[in-house]
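The values are calculated or read from the model by the stated rules, or taken from the named source; none is laboratory data. No experiment lies behind these values; they were computed from the predicted model shown. We place every Cβ from the backbone using ideal geometry, glycine too, and count neighbours over all the protein chains shown. Side chains are part of the model used for accessible areas, which takes the heavy atoms of the whole protein and leaves out ligands, DNA and RNA. Shrake-Rupley method; radii C 1.70, N 1.55, O 1.52, S 1.80 Å.
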Amino acid sequence: MTTVVHLGIDLAWSHRNRTGVAALDVDGRLVGSGSVRSDDEIAAFVDAHARGAVVVAAVDAPLVVPNATGQRPCEAQVTREFRAFHAGCHPANRSWPWFDPPRGEVLAERLGWDVDPTTPPGLDRPVAVEVYPHPAMVTLFDLDTVIPYKQRGPARDVPRLRVALGDLLAQMEKHCEDPLALGA
């Protein structure tokens, strides 16, 4: 039987910041997670959890940025639909040094991931898709706005972030078929 591994990567745009990594088995069970900085550490995590498996990687970062300026059509569309929910996209273009080239593109090339969303995954075809967690959160949990669980400025202190993260975990528990036991 072929093993399938789903990877989640919350890719920091800079190597100075931490990148979250997670691996799930075909049944959606968490089999590994961590926080890393370098692309070598990401590659080691992928190798440890996905060697010999069909790989589907969900990357929260731009994977394809062909435009020199402005925003990509996908970002414009997502922002149009989700701006009112505070879930729009940060524009990615090659005029920003951190998108020339995008770290996600470099990582996908290094790991041999096909970033064409029409490519079906297979043993010889690991794939990566760019994901947008905030619009997904709004849609999946039927929210009026995103849950502000990440640090973004002085208005979000640690106690507020703890409450927000608790809200996010409660929404995840509420909407899963099997309890995740996230609060345990």
Return a yes/no flag: does segment 113-123 have any residue that is touching a strand residue (DSSP E or B) at 6+ places or on another chain (Cβ under 7 Å) and hydroxyl-bearing (S, T, Y). yes
Looking only at segment 16-29, which residues are farther than 16 Å from A108 by Cβ and either surrounded by 14 or more Cβ atoms within 10 Å (Cβ to Cβ) or of a type outside the set (D, E) (or both)? R16, N17, R18, G20, A22, A23, L24, D25, V26, G28, R29
Counting only residues in segment 30-63 that are hydrophobic (A, V, I, L, M, F, W, C) and open to solvent by 70 Å² or more (accessible area, probe 1.4 Å), the one modelled with the lowest pLDDT is identified as L30
Segment 108-133, residues that are part of a loop (DSSP other than H, G, I, E, B) and either without any contact (Cβ under 8 Å) to a residue 60 or more places away in the chain or under 20 Å from E75 (Cα atoms) (or both): G112, W113, V115, D116, P117, T118, T119, P120, D124, V131, Y132
Restricting attention to segment 77-107, which residues are hydrophobic (A, V, I, L, M, F, W, C) and either without any contact (Cβ under 8 Å) to a residue 12 or more places away in the chain or open to solvent by 90 Å² or more (accessible area, probe 1.4 Å) (or both)? A84, W96, W98
